[in-house]
Amino acid sequence: MNHVLSTHLFVNHRLTSAMLAKIHQAGIPAVEIFCARQHLDYRDRAQIAELGHWFRDSELRLHSLHSPMYTDEIWGRSGPHSVISITETVKARRLEQVDEIKRAIEIAETIPFRYLVQHLGVGGEEFDMRKIDAAFSALEQITVFARQFGVEVLLENIPNDLSSAERLLQFNELTHLKLNFVFDSGHANLHSGVQSTFELMKSRIRSTHIHDNDGTKDLHLFPFLSEGGRIDWKNTMQLLRSCGDQFPLLLELKERPDVANPLEAVREVFDRLENL
């Protein structure tokens, strides 16, 4: 399968051309950049210009961009006002948050990418038809805007009552958007299981987020290398391979103190998954 690494692994560090060069030197051909302002500040034109210049001279591809989740640089700890959610039911606040996402999409003007990964709500959010209506309104605007830059918006299964595989399919039935999906193995493991989630999402999967957990917490563990992971990777790889080259094998991992050399660990994970 094609290999992609999410820069989520280094999300607490500023994204630089040196960091991208190390990823490429590790033999990884493509990345998904995680839009967090302490990492990639989508409003910082100087940072975007620097990275754009580097990408133009590099063979490393930008496969996708993860939509921002917070407006601040400290993972939303500045307060509830910093949360970016397209399920916001107050129109004025929702429009402000849609504008944040549009600023991130504009990166494609400097660094072209194919997909924007978008969450439907936040972790633990309960189902509410008003939130579905809000998300529909927001996504109508976001998808039209993204299309101008050649970007397709993908919805990800996340651990809340709006974004299970069943709810994503229902969302597509209720709207005319017919969006494709990102299959997240760790999030599936927290809900109804990897296999059942995959089978429901299968025909519309265009990218993946591969990581492990203990079935209770969203830990973004390294498959095989981190203690506590419970996903059956042999079965998961059989499922992923059943779709041919429909989507890549994209690792979305969390930096851990027990992993001294994360890029070497990433290569080992790719090798061990492919050898199953």
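The table for this structure:
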| item | result |
| --- | --- |
| In sequence order, calculated HN-Hα J values of the range 251-262 (Karplus, 6.51, -1.76, 1.60; Hz; x Gly/Pro) | 7, 10, 10, 10, 4, 9, x, 7, 10, 5, 10, x |
| Convex hull per residue volume in Å³, alpha carbons only, for the chain | 121 Å³ |
| Residues of type lysines that Lys254 reaches as a straight line, Cα spacing below 25 Å, ignoring anything fewer than 8 places off in the same chain | Lys22, Lys217, Lys234 |
| Carbon plus sulfur fraction of accessible area for the chain, probe 1.4 Å, in percent | 46 percent |
| The range 59-103: C-alpha gyration tensor shape, a/c 1.5 cut-off, then a/b vs b/c | oblate |
| Distance between the range 100-168 and the range 2-67 - C-alpha centres, whole angstrom | 20 Å |
| CD proxy at 222 nm, helix term only [per DSSP H run n ≥ 4: -39500 (n - 2.57); per residue of the chain; nearest 500] | -11000 deg cm²/dmol |
| Residue-normalised accessible area of the range 1-59, given per residue in Å² at a 1.4 Å probe | 44 Å² |
| Cα gyration tensor category, rounded, prolate or oblate, for the range 3-56 with a/c compared to 1.5 | oblate |
| Beta bridge orientation in the chain: antiparallel %, DSSP, nearest 5 | 5 percent |
| Mean Cα-pair separation over length for the range 83-185, i.e. relative contact order, pairs under 8 Å, 6 or more apart, % | 31 percent |
| Percentage relative contact order, the range 1-141, counting C-alpha pairs under 8 Å, at least six apart | 23 percent |
| Amide H partners (placed H, <5 Å) of Val153, local residues excluded | Leu116 |
| FRET efficiency, Glu274 to Ala92 (Cβ-Cβ, R0 45 Å, nearest 0.05) | 0.40 |
| Extension gain (nm, one decimal) between Asp44 and Thr110, 0.36 nm per residue minus Cα-Cα | 22.5 nm |
| Protection proxy ranking, peptides 93-101, 177-185, 244-252, 258-266, average beta carbon neighbours within 10 Å, highest first | 177-185, 244-252, 93-101, 258-266 |
| nm² value of the averaged projected area, convex hull over the Cα atoms of the range 1-156 | 9.5 nm² |
| Solvent-accessible area per residue, Å², over the range 60-163 with all protein chains present [probe radius 1.4 Å] | 43 Å² |
| Inter-probe distance in nm under a simple model that places probes 7 Å from Cα toward Cβ, at Arg56 and Thr143 | 3.3 nm |
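The values are calculated or read from the model by the stated rules, or taken from the named source; none is laboratory data. This is a predicted model, so every value here is computed, not measured. Cβ sites come from the backbone with ideal geometry, for glycine too, and all protein chains shown count toward neighbours. In case anyone asks, the SASA skips ligands and DNA or RNA and just uses the protein heavy atoms, side chains included. Shrake-Rupley method; radii C 1.70, N 1.55, O 1.52, S 1.80 Å.
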